[in-house]
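Below: the structure, in structure tokens.
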């Protein structure tokens with residue numbers, strides 16, 4: 001599958017809830033960008049589904065958004081490190097924010113800065 005996303009995604013681990021109309025399912029936000037995110041959970045939704053998502057960010061404010069499932073896959077191999085067997089991974093494109101858009105953007109910029117610092121450190125070590 002071609003990677004058509006615009007912008008860099010940054011790894012993170014944030015608790016979240018999601019669902020078709022209500023956020024009843026629990027999941028882990030695995031990476032974020034200004035335009036999308038990846039969720040891992042025991043539940044998969046079909047491509048094209050519009051999901052309600054609540055992210056419990058490090059700040060006191062929740063981030064509430066709607067996102068469309070662009071891809072989904074269920075992990076069937078046990079040999080992949082840091083991934084749970086049977087876990088579903090979904091890539092969401094953000095459609096709109098209902099709450100916390102500024103908090104989400106701040107989170108992305110913070111993760112971008114951390115990523116840049118790690119890369120800078122790696123370059124000085126080698």
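The values are calculated or read from the model by the stated rules, or taken from the named source; none is laboratory data. Computed from a predicted model, the values in this text were never measured in an experiment. Note that we place each Cβ from the backbone using ideal geometry, even for glycine, and neighbour counts take in every protein chain shown.
Annotations
- Restricting the stretch 1-21 to residues that are modelled with pLDDT under 90 and more than 21 Å from residue 103 (Cα to Cα), the residue that is surrounded by the fewest Cβ atoms within 10 Å (Cβ to Cβ): 2
- The set of residues in the stretch 24-34 that are crowded, with 18+ Cβ neighbours inside 10 Å and outside any strand (DSSP E or B) contains only 33.
- Complete set of residues in the stretch 35-80 that are touching a strand residue (DSSP E or B) at 6+ places or on another chain (Cβ under 8 Å), in a loop (DSSP other than H, G, I, E, B) and on the phi < 0 side of the Ramachandran plot: 35, 42, 43, 44, 45, 46, 47, 49, 57, 58, 61, 75
- Residue match in the stretch 12-20 (condition: in a loop (DSSP other than H, G, I, E, B), closer than 15 Å to residue 69 by Cα and more than 10 Å from the chain's Cα centre (by Cα)): yes
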